[in-house]
Each structure stands twice: as C-alpha cells, then as structure tokens.
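For reference, the structure is listed below as structure tokens.
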Amino acid sequence: MKKTVLMLGILALLGACKDKVRQEYIANVPVYTAYETFRSDGGFEGARPITQKGNIYFKDDFLFMVEPDEGIHFIDNSNPSSPVQTGFLKIWGATGMSIKGDYLYANSLIDLVIYDLSTITTPVFVDRMEDVFPTALPVSEKNYPYKTIDKNLGVVTSWTQEKVSEDVTNGNPSWVNCFQCDFETIGLGDGGFSEGSGSGQTSISGSITLFTILNDYLYVVEEGNFLHPINISNPTAPVAHDIVGLWGGVETIFPYQNYLFMGTPSGILIYGTDSPNNPNYIASLSHARGCDPVVVKDDYAYVTVRSGGPCGGDVNQLDVIDVSTISNPILKQSFDMKNPHGLGIDGDLLFICDGEAGLKVYDASNPLTVGDHLSHQFKNIQATDIIPFNTIAMVIGDDGIYQYDYSNPSEMILLSKISF
Amino acid sequence: MKIIIISATLLLTTISFGQNSVNELEKNSPDDITKSVVSGFYNRVNVGVLGGSASSPSFNIINGYRFNQRWSAGFGLGVEQFNWNRYIPVFVEGNYNLLKTNTTPWLNLMVGYELPNQNIGPNRGGFTWGGKFGFSYFIAEHVGISTSIGYRYANLKDETNWWGWEDFVTITDINRYEFRVGVVFK
C-alpha cells in the first residue's frame with residue numbers, strides 16, 4: 001500500500017513538471033488622448049524653433065516644414081537668401097501636408113484637417129474629416145514591438161517605451177506585429193504630400209512622400225498597403241472614397257500625367273486614374289530590395305534604391321526606367337550610388353541626396369547616361385530630400401534646411417540655412 | 001501517452017531495483033560491506049529522458065572522484081535537446097551514498113550551464129541545476145549499472161528576433177523530471 005501511495009505521489013509530482021515560456025522586451029506602449037481633447041487641439045501660433053526634421057513643401061514663396069507629430073512651420077521664402085519663420089500651425093500628429101488653391105490639407109493622425117490660407121499669415125480652420133485614416137499611429141521607435149491598442153480608450157497620440165515581461169500562452173504574446181490586424185505598427189510615418197507639376201495651383205514637395213494631389217483628388221497611402229482617394233473638387237467639403245488595396249509596402253507616391261507611381265521596397269507600381277475615385281493597377285517593375293523614391297519626367301522614371309533602414313537590401317543605385325509605354329516599364333540603366341535618399345528633377349538637372357556623399361547634381365539631358373554626368377557635388381551635407389524649383393534647390397539636411405541657387409549649375413551657391 | 005508509460009516503467013524499475021538492492025545489501029555480511037571502495041576515480045555514462053510538458057533526450061559523461069564511502073564529486077559534459085535547440089550541458093555534481101557499499105542508493109545534486117550547440121546566433125543557453133535519487137549496482141569489480149529519477153531545471157535564453165526588434169528575449173524555464181540509466185566504471 002505504501003509503495004502504491006509513494007508511486008502515485010511521485011507520478012503526480014512528475015506530472016506537474018511543465019515548461020514555462022516568457023518574453024522580455026521593450027515595447028511601445030500607447031498613450032491615449034480622449035477624442036474630444038484630441039480634436040479640440042490646434043491653431044496658428046507664433047514662430048518657434050524647428051526641433052525635428054520633417055518634410056518640406058513649397059508654394060507661392062512660402063516654405064512649409066512639417067515637424068512630425070507637432071505641426072507645420074510657415075517660412076516666408078520670398079528671399080531665399082534670408083528666409084523668415086512667420087508662424088507655426090499646430091496639428092497634432094501631422095506628418096504631411098498639401099496645398100491646392102487656398103486650402104491646406106494635413107493629416108492629424110486619424111483625421112484630415114483643412115485650413116484656409118487666403119491670408120497666409122493667419123490660417124483659418126475650415127473642417128476636419130474624422131477617422132479617415134483609422135489605422136494611423138504616431139511616429140514611434142519602430143524597432144520595438146507594440147502593445148495591443150484599444151480604440152475605446154481614445155486616440156493613440158504618443159508612445160512610451162516600457163520593459164515588458166509576460167508569460168506566453170500557446171505561443172500568443174500580447175504584442176502585435178499587425179500583418180493582418182486592425183492597427184499597423186507604422187503610422188503615416190515619413191510621408192508627406194507631393195505634387196510633381198509645380199503648376200502654381202498646388203504645393204510642391206520632395207520625393208519621399210506618401211500623399212499626393214492629382215487633378216481634383218488627394219491620394220494618401222496609409223500603412224503601405226491602402227490608398228485613400230479623396231475628392232477635393234470642393235475644397236471645403238472633401239469626399240473620401242473607398243480605400244484601394246495595394247501591396248508590397250508602398251513607401252512613396254509620385255504623380256505623372258494621369259498616373260500614380262509608387263515605390264515599394266522591391267519595385268515600383270503604376271496605377272491609372274481614369275476612374276480617379278478608384279485607381280487601377282497598370283504595371284509594375286521589380287528591382288533590388290531597398291527604399292526607393294521615384295520621380296518621373298519626359299517618359300523616364302528615376303528611382304533611387306537605397307539599402308539599410310526599414311527596407312533592407314544591399315544595393316545603392318539610381319535606376320532609369322523607360323515608361324513611354326506605361327503598361328510596360330523597362331529598366332534602361334542603373335548607376336552606382338553611395339546611399340541615395342530623395343531626388344528631384346528640374347529641366348535637365350537631376351538632384352540626388354546621396355547620403356554621406358552629399359548632394360549631387362547630374363546633367364539629365366540624356367537620361368540613359370545621366371549617372372555619368374555629375375556636374376556638381378556638395379559633400380558637406382547629409383541630404384535627405386530636395387525640392388528643386390525655379391533655380392532654387394531646397395534641401396533637407398540632418399541639421400537644417402539648405403537652399404542653393406542653381407541658375408548656373410556649374411557654380412551652385414549656398415544661399416541660406418535654417419538650422420534645427 | 002508513450003512518455004507516461006515509459007516514465008512509469010522506468011520509475012517502477014528504479015524503485016524496485018533500489019528496493020531489491022537494499023534488501024540484498026541488508027543480508028550481506030560485514031565482510032561484503034568492507035569491500036566498498038573508499039576513494040578513487042569514477043566514470044559514469046548516462047542516457048535518459050527529461051520529461052514533463054515536453055520530452056527531451058539527454059546523454060552525458062561524468063568523470064569524478066570518490067573521496068570516501070559517502071561523498072564523491074565529478075565534472076560532466078553531455079548533449080541535450082530542448083525545443084529544437086541542441087545544448088551541451090557543462091556541470092559539476094556532488095553525490096552522497098546512503099550506504100557504505102559499492103552497491104548503494106545515492107543522492108545527487110548538479111549545477112552547470114547549458115551551452116548552445118552553436119556559439120553564434122541568438123541562442124544564449126543558460127543556467128541549469130537538478131537533483132536525483134538513484135542506485136548503483138556493481139556487476140563486476142570495476143563495472144556497475146545505475147538508474148536514477150530526479151528533477152531538472154534550466155533557464156534558457158534565446159534572443160531570436162523574428163521581427164527585427166531590439167532587446168527581445170525569449171526565456172524558457174525548463175521544468176522536467178528525469179530518468180536515467182547508465183554504466184559506472186571505477
């Protein structure tokens with residue numbers, strides 16, 4: 001009897017032997033703001049110092065710089081040699097903006113806000129489209145996982161980094177990577193609005209953007225896989241249409257003629273806008289993995305492919321793609337680069353922000369040999385993106401906004417620098 | 001189910017074997033007891049299973065020294081596998097013989113480190129310890145067989161980062177019972 005009891009006791013103890021798995025990590029933990037508080041915030045204030053690099057935009061002698069998550073700096077650039085900051089438009093969660101006519105459109109995390117710039121020194125709030133970008137999240141430390149978000153608690157307006165230790169049950173931890181869940185981990189991110197035409201009706205931006213205006217539509221790429229077409233033909237009462245599904249993790253968007261060119265880590269996508277409220281896939285072209293802003297001019301697309309960062313890859317080059325037959329883009333040439341970021345083209349000049357190699361200017365009169373015709377190089381600037389317009393190159397560097405006069409491309413002159 | 005049956009069989013074997021050994025030893029004369037080795041080197045080769053919510057094979061070789069009829073200590077190396085990862089346990093052990101004979105029940109404690117099989121990559125291995133109750137039965141002057149049951153813990157760290165995140169560590173607390181059979185040389 002004793003033996004049996006002993007054996008049963010031992011067996012019971014043995015049965016209690018279970019492995020335990022836990023995960024320890026630093027997580028981005030959401031900080032919530034009540035919807036009312038979030039939507040009552042904002043307004044135009046006096047000028048304040050720029051503390052964080054963001055996208056720049058240009059329209060009617062005014063330069064605009066988005067300070068990620070904070071708002072938009074207004075800079076009077078009528079004299080590029082002496083730009084003057086005139087004010088700051090506070091927009092919670094802004095990462096991009098665009099102007100068409102007298103109206104400024106900017107994202108405010110999940111919302112789209114509209115301001116009247118008829119009097120540019122005193123912008124007037126017009127309207128707010130609520131919950132247009134339901135999965136948008138604030139800029140964050142992207143290299144950490146994210147705790148699950150509860151929308152009932154409010155809008156996620158920032159993140160804190162906390163060390164988390166949690167038991168893992170059946171291999172399902174509480175952090176999210178969100179390939180298929182409601183909340184993506186990367187918000188509207190580094191995107192901005194862009195328009196390639198510089199028509200005078202719309203603002204111009206650099207090449208690293210996720211928003212663009214084409215004709216009467218504002219197109220916004222959200223989370224790399226959703227395209228929002230928003231009709232702004234009535235600028236004070238935009239209409240959001242159904243989201244168009246994309247793929248490949250779109251990082252940049254650029255309008256050309258009636259097409260949308262989108263860069264992904266593995267290639268470019270081309271969509272048509274014959275039905276502007278429902279853009280349709282036309283063609284794609286694969287390239288080596290990397291971040292790849294794109295600009296297009298005269299039936300040639302210029303794509304910089306950059307390694308590192310969130311895009312991975314190990315290739316750094318400039319690709320020149322023939323898009324004369326839009327349904328059949330053909331890679332014509334590739335040129336080695338150091339670590340190219342944004343790029344811009346004006347006339348026969350192609351500007352490339354080539355990382356540590358600085359700002360490079362190429363003669364693009366013959367697109368197929370553009371990489372062999374370096375006409376100027378500024379090595380003392382870590383350039384990220386550029387707007388070349390009307391002989392003035394507005395460049396985002398790591399420590400400020402630089403402006404160059406390129407009326408004589410062989411002797412570009414630094415006009416000014418706004419430090420941050 | 002198989003593991004439970006095997007475990008129960010090994011448990012029965014160990015306990016019965018131990019009980020029989022003790023009974024037999026109790027019948028031995030004082031002369032037999034004095035045959036016990038007082039000191040000297042020993043080597044033990046073990047195979048076993050670490051069971052519980054999962055089961056893992058285990059093999060080790062221990063070289064040690066017997067200080068007297070009760071106490072001995074050794075250094076061991078082995079191979080084990082937990083959750084698709086192979087480890088090399090490096091450990092020291094201490095033994096206490098319950099009887100002053102060659103054939104004896106004994107208690108054992110071990111502490112060491114589970115070295116990952118590959119010294120590159122995110123697997124960091126981790127601390128391990130365990131305790132056992134066993135029997136040794138000598139079938140020849142220098143050769144014996146042993147069997148044991150016990151408990152084994154290991155704290156294994158893996159920095160595998162599936163999503164490219166920094167500072168992400170998966171820690172597995174291994175809680176297992178262990179059964180072993182082996183051959184002892186002295």
Practice task
Give the number of residues within the stretch B:170-186 that are acidic (Asp, Glu) and within 9 Å of another protein chain (Cβ to nearest Cβ).
Solution key: 1
Handout entry: Residue count for the stretch A:65-76, restricted to those that are within 15 Å of A:Gly206 (Cβ to Cβ), touching a strand residue (DSSP E or B) at 6+ places or on another chain (Cβ under 8 Å) and outside any strand (DSSP E or B)
Key = 0
Fill in the blank from the handout: From the option list A:Lys20, A:Lys59, single residue qualifying as outside the structural domain of A:Asn107 (by TED's automatic domain parsing) and not hydrophobic (A, V, I, L, M, F, W, C) is A:Lys20
Fill in the blank from the handout: Considering the stretch A:117-163, residues that are charged (D, E, K, R), more than 19 Å from A:Val66 (Cα to Cα) and in a loop (DSSP other than H, G, I, E, B), and then whichever is farthest from the other protein chains (Cβ to nearest Cβ), we arrive at A:Glu130
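Determine whether B:Pro116 is more than 19 Å from B:Ile61 (Cα to Cα) and not polar (S, T, N, Q).
Numbers: more than 19 Å from B:Ile61 (Cα to Cα): no; not polar (S, T, N, Q): yes.
Taking the combined requirement at face value, the residue does not satisfy it.
For the stretch A:224-235, does any single residue satisfy the condition of being more than 14 Å from the chain's Cα centre (by Cα), at pLDDT below 85 and over 27 Å from A:Leu331 (Cα atoms)?
no
Just the residues that are assigned to a loop (DSSP other than H, G, I, E, B) and either free of Cβ contacts under 8 Å to residues at least 60 places away in the same chain or touching a Pro at 6+ places or on another chain (Cβ under 6 Å) (or both), please, taken from the stretch B:95-150.
B:Leu98, B:Asn117, B:Gln118, B:Asn119, B:Ile120, B:Gly121, B:Pro122, B:Ile139, B:Ala140, B:Glu141, B:His142, listed by residue number.
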Handout entry: the stretch B:139-186 - residue that is of a type in the set (Phe, Trp, Tyr) and more than 18 Å from the chain's Cα centre (by Cα) and, of those, nearest to A:Val21 (Cα to Cα)
Key = B:Phe168
Handout entry: All positions within the stretch A:79-101 that are within 23 Å of the chain's Cα centre (by Cα), of a type outside the set (A, V, I, L, M, F, W, C) and in a loop (DSSP other than H, G, I, E, B)
Key = A:Gly93, A:Thr95, A:Gly96, A:Gly101
Completion exercise
A careful count of residues in the stretch A:360-396 that are in contact (Cβ under 8 Å) with a residue 40 or more places away in the chain and assigned to a strand (DSSP E or B) gives 14
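Tell me yes or no: at least one residue of the stretch B:95-103 is crowded, with 17+ Cβ neighbours inside 10 Å and closer than 27 Å to B:Thr170 by Cβ. If you could, list the steps in order and put the result at the bottom.
First pass over the stretch B:95-103, keeping only residues crowded, with 17+ Cβ neighbours inside 10 Å: B:95, B:97, B:99, B:101-103.
If we keep only those that are closer than 27 Å to B:Thr170 by Cβ too, we end up with none.
No - not one qualifying residue is present in the stretch B:95-103.
Residues in the stretch B:56-78 that are free of Cβ contacts under 8 Å to residues at least 60 places away in the same chain and either over 12 Å from the mean Cα position of the chain (by Cα) or loosely packed, with under 15 Cβ neighbours inside 10 Å (or both): how many? So that I can check it myself, show each step before the final result.
Step one: list which residues in the stretch B:56-78 are free of Cβ contacts under 8 Å to residues at least 60 places away in the same chain, which gives B:57, B:59-65, B:67-78.
Then keep just the ones that are either over 12 Å from the mean Cα position of the chain (by Cα) or loosely packed, with under 15 Cβ neighbours inside 10 Å (or both); that gives B:57, B:63-65, B:67-73, B:75.
Of the residues in the stretch B:56-78, 12 are free of Cβ contacts under 8 Å to residues at least 60 places away in the same chain and either over 12 Å from the mean Cα position of the chain (by Cα) or loosely packed, with under 15 Cβ neighbours inside 10 Å (or both).
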Fill in the blank from the handout: Note on the stretch A:5-64: residues part of a strand (DSSP E or B) and farther than 30 Å from A:Val126 by Cα are A:Lys20, A:Val21, A:Arg22, A:Gln23, A:Glu24, A:Tyr25, A:Ile26, A:Ala27, A:Asn28, A:Val29
Practice task
Go through (1) at pLDDT 90 or above; (2) in contact with a helix residue (DSSP H, G or I) (Cβ under 6 Å, 6 or more places away or on another chain); (3) among the polar types (S, T, N, Q) one by one and return the number of the condition A:Gln333 breaks.
Solution key: (1)
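When the residues of the stretch B:135-169 are filtered to those that are among the acidic types (Asp, Glu) and either more than 8 Å from chain A (Cβ to nearest Cβ) or buried (at least 17 other Cβ atoms within 10 Å of the Cβ) (or both), which remaining residue is nearest to A:Glu162 (Cα to Cα)?
B:Glu159
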Exercise for the section: Test A:Ile114 against the stated conditions and say whether it is part of a strand (DSSP E or B), within 14 Å of chain B (Cβ to nearest Cβ) and either modelled with pLDDT of 90 or more or surrounded by fewer than 18 Cβ atoms within 10 Å (Cβ to Cβ) (or both). Expected result: no
Problem - Test result for A:His341, modelled with pLDDT under 90 and within 23 Å of A:Ser203 (Cβ to Cβ) - result: yes
Fill in the blank from the handout: Inside the stretch A:219-242, the number of residues satisfying the requirement of being surrounded by fewer than 17 Cβ atoms within 10 Å (Cβ to Cβ) and aliphatic (A, V, I, L, M) is 2
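The values are calculated or read from the model by the stated rules, or taken from the named source; none is laboratory data. Please read all numbers here as calculations on a predicted model, not as lab measurements. Positions of Cβ are generated from backbone atoms using ideal geometry, with glycine treated the same way; all protein chains shown enter the neighbour counts.
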